[in-house]
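Asks: The structure under discussion is supplied below as structure tokens; questions concerning it will follow.
Every read-out reported here was derived from the displayed coordinates using simple, explicitly stated rules and does not represent laboratory data. The structure displayed is predicted, hence computed values, not measured ones. All Cβ positions, glycine included, derive from the backbone under ideal geometry; neighbour counts span all protein chains shown.
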Amino acid sequence: MSHPPTRNAVEELAITSNDEVVIVRQKVRASAIELGFSLVDQTKIVTAASELARNTLVHAGGGHARIETVQNATRRGLRLVFSDSGPGISDLKLALTDGWSSGGGLGLGLSGSRRLVDEFDLDSEPGRGTVVTVTKWTR
């Protein structure tokens, strides 16, 4: 029988400037260290958080990040939720293609972030904004 994850600490952060992208990155790193992530996994979750926070700022003009610790029967993890009320993504498959970028960036944002985490969920449609939820579990 599988147990739903138990939720612990939750932190909500606004993303309206580059400074706040940096704060999201710092808070995610602190949470990953506190949970005992390896250095490699710390780097992965912080990189994903940085990319997703930047996407929220650049493509939607800002939004919110939620950082929460989660636990299932065997391990603890970090769940990050990035949400915005921006223009949304019309072609999710294209947006998740490696190397594709709508903003002249490196195109690492969504597809790269998906590879760095254990669970990845993208919910978006034009005119409704975007919610990206990622989870990284301790090893």
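Asks: Only Cα pairs within less than 10 Å get springs; with that Gaussian network setup on the chain, which residue of Ala32, Ala65, Ala73 has the largest fluctuation?
Replies: Ala73
Asks: In what order do Leu96, Leu39 fall by count of nearby beta-carbon atoms within 10 Å, going from fewest to most?
Replies: On the way: Leu96 16, Leu39 9.
With the fewest neighbours first, Leu96, Leu39 line up as Leu39, Leu96.
Asks: Just how large is the dipole of the chain about the Cα centre, in debye to the nearest 20, putting +1 at every Lys and Arg Cβ and -1 at every Asp and Glu Cβ?
Replies: Details: 16 positive and 16 negative charges, 87 e Å.
I would put it at about 420 debye.
Asks: Now a separate question. Sort the stretch 18-71 into rounded, prolate or oblate with this rule: let a ≥ b ≥ c be the square roots of the eigenvalues of the Cα gyration tensor; rounded if a/c is under 1.5, and if a/c is not under 1.5, prolate when a/b is larger than b/c, oblate otherwise. Each step should come with its number before you reach the end.
Replies: Working: a/c = 2.37, a/b = 1.94, b/c = 1.22.
Verdict is prolate for the stretch 18-71.
Asks: Taking Lys27 as the anchor, which aspartates and glutamates have their alpha carbon closer than 20 Å to its alpha carbon, excluding any fewer than eight residues away along the same chain?
Replies: Glu11, Glu12, Asp19, Asp41, Glu51, Glu68, Asp84, Asp118, Glu119
Asks: Compute the length gained on full extension between Ser90 and Asp121: take 0.36 nm times their separation in residues and subtract their Cα-Cα distance, giving the result in nm to one decimal.
Replies: Values: separation 31, 0.36 × 31 = 11.16 nm, distance 1.58 nm.
Taking Ser90 through Asp121 to full extension adds about 9.6 nm, to one decimal.
Asks: Could you work out how far apart the two model spin labels at Val131 and Thr43 are, taking each label as a point 7 Å from the Cα in the direction of the beta carbon, and quote it in nm?
Replies: 3.3 nm
Asks: Sorting Asp98, Asp41 on the 10 Å Cβ count, fewest up front, what's the list?
Replies: Fewest-to-most ranking of Asp98, Asp41: Asp98, Asp41.
Asks: Between [x] 0.96; [y] 1.04; [z] 1.15, which matches Rg/Rh (Cα atoms, Kirkwood Rh) calculated for the structure shown?
Replies: [x]
Asks: Which order results if Ile45, Ile67, Ile23, Ile33 are arranged by neighbouring Cβ count within 10 Å, fewest first? Could you put the intermediate results ahead of the total?
Replies: On the way: Ile45 27, Ile67 21, Ile23 16, Ile33 12.
Ascending Cβ contact count within 10 Å gives the list Ile33, Ile23, Ile67, Ile45.
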